[in-house]
1. Counting just the residues of the range 62-73 that are within 19 Å of the chain's Cα centre (by Cα) and not small (Gly, Ala, Ser), which one comes out most open to solvent (accessible area, probe 1.4 Å)?
2. If I ask for residues that are surrounded by 20 or more Cβ atoms within 10 Å (Cβ to Cβ) and among the aliphatic types (A, V, I, L, M), which ones from the range 16-39 would you list?
3. Which residue, of LYS4, LYS54, LYS36, is under 14 Å from GLY89 (Cα atoms) and of a type outside the set (Val, Ile, Thr)?
4. Working only within the range 108-152, note down all residues that are surrounded by fewer than 20 Cβ atoms within 10 Å (Cβ to Cβ) and farther than 23 Å from VAL21 by Cα.
5. If you scan the range 81-103, which residues turn out to be in a loop (DSSP other than H, G, I, E, B), among the hydrophobic types (A, V, I, L, M, F, W, C) and within 14 Å of VAL33 (Cα to Cα)?
6. Among the residues of the range 40-55, is there at least one that is within 25 Å of PRO295 (Cβ to Cβ), out of contact with any strand residue (DSSP E or B) (no Cβ under 6 Å at 6 or more places or on another chain) and open to solvent by less than 10 Å² (accessible area, probe 1.4 Å)?
7. Which residue out of ASP231, ASP239 is acidic (Asp, Glu) and either under 24 Å from ASN118 (Cβ atoms) or without any contact (Cβ under 8 Å) to a residue 12 or more places away in the chain (or both)?
Amino acid sequence: MEQKPTVYFCPRITADNLVNVYKALGREATGRVAIKLSTGEAGNPNHLSVDVIKKFVHLVDGTIVECNTAYDGRRCNVADHLQTAAEHGFTAIAEVDIMDGEGEIELPVRNGKHLKVNYVGKNWRNYDFTVVLSHFKGHPMGGFGGALKNVAIGMASAAGKAWIHTAGKSRNVPVDWENVPPQDDFLESMAEACESVFDRAGDNILYISVANNLSVDCDCVAEPEVVHMEDIGILASLDPVALDRACVDMVYNSPDPGKSHLIERMESRNATHILDYAESLGLGKQDYTLVTLEPVV
């Protein structure tokens with residue numbers, strides 16, 4: 001019988017616990033390490049805390065990487081994006097690389113019915129290892145944002161983001177949000193984009209998600225809806241599908257009545273379809289083993 005992927009979980013969100021969850025994975029981030037996270041739109045307070053991630057970032061000697069947005073705002077060009085990253089504290093703890101600042105590279109999509117190619121920030125080719133460090137929360141379009149979205153949309157160039165959002169119909173930025181494809185086409189396109197990244201990365205990638213500040217809105221929203229739900233903790237896996245499924249399961253299984261807001265957002269967007277489709281592409285499994293780690297502090 002094929003072994004289930006393991007998802008590690010620590011219920012207390014601290015710098016030391018983040019390091020311990022990473023170490024539990026047993027895969028060392030070596031060489032030139034890219035740490036893919038969301039710097040958060042200007043004004044959004046829910047992005048990952050630099051106090052929580054700094055120790056880990058320094059441990060792996062990582063560079064924080066991002067790509068520009070496909071909508072107007074304070075992260076749609078390199079200068080404004082770096083300024084926003086500075087305002088949110090990221091440039092104080094590590095170098096920040098806006099990977100599509102000087103262009104993009106094209107990655108083939110093997111099994112895409114919507115995408116045959118994916119476009120990611122050009123500078124990603126400069127790194128040996130990728131840490132997908134995600135803030136798990138809701139999302140206005142995807143229903144939830146976790147590891148898969150952080151790879152698909154987060155690593156795509158601005159035009160690549162438009163390509164995914166339109167299911168391979170347009171690379172025009174900003175996106176014409178009034179003329180986007182059916183929801184499932186968008187979710188499937190995100191999974192297909194992930195396939196291209198995972199193919200290129202091989203085993204030189206791992207996934208950590210911090211499930212806190214659980215607004216129904218993403219860090220890309222300048223004024224997100226107030227958080228109704230208590231923090232969950234830190235989760236990590238070598239399987240991104242299992243990791244996203246575990247985060248979703250923990251929302252549903254939480255005793256916190258505030259979860260109803262996030263559940264409604266996910267269900268109204270058919271959010272877990274991305275997990276079903278990603279699993280069908282062989283990107284991971286939704287059946288996992290959860291290992292809970294004792295908090296160190």
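1. Per the stated criteria, the residue is TYR71.
2. Within the range 16-39, LEU18, VAL21, ALA29, VAL33, ALA34, ILE35, LEU37 meet the criteria.
3. LYS54
4. Within the range 108-152, PRO108, ARG110, ASN111, LYS113, LYS116, VAL117, LYS122, ARG125, ASN126, PRO140, MET141 qualify.
5. Scanning the range 81-103 gives ALA94, MET99.
6. For the range 40-55, residues within 25 Å of PRO295 (Cβ to Cβ), out of contact with any strand residue (DSSP E or B) (no Cβ under 6 Å at 6 or more places or on another chain) and open to solvent by less than 10 Å² (accessible area, probe 1.4 Å): present.
7. ASP239
Listed here are the residues, each with its yes/no results for (1) open to solvent by 10 Å² or more (accessible area, probe 1.4 Å); (2) of a type in the set (Val, Ile, Thr); (3) at pLDDT 95 or above; (4) closer than 21 Å to ARG75 by Cα.
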{"residue": "LYS169", "(1), (2), (3), (4)": "yes, no, yes, no"}
{"residue": "ASP199", "(1), (2), (3), (4)": "yes, no, yes, no"}
{"residue": "ASN204", "(1), (2), (3), (4)": "yes, no, yes, no"}
{"residue": "ILE232", "(1), (2), (3), (4)": "yes, yes, yes, no"}
{"residue": "LEU235", "(1), (2), (3), (4)": "no, no, yes, no"}
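The values are calculated or read from the model by the stated rules, or taken from the named source; none is laboratory data. Source: prediction; values computed, not measured. Neighbour counts run over all protein chains shown; Cβ positions are idealised from the backbone, glycine included. Side chains included, ligands, DNA and RNA excluded: accessible areas come from the protein's heavy atoms. Shrake-Rupley method; radii C 1.70, N 1.55, O 1.52, S 1.80 Å.
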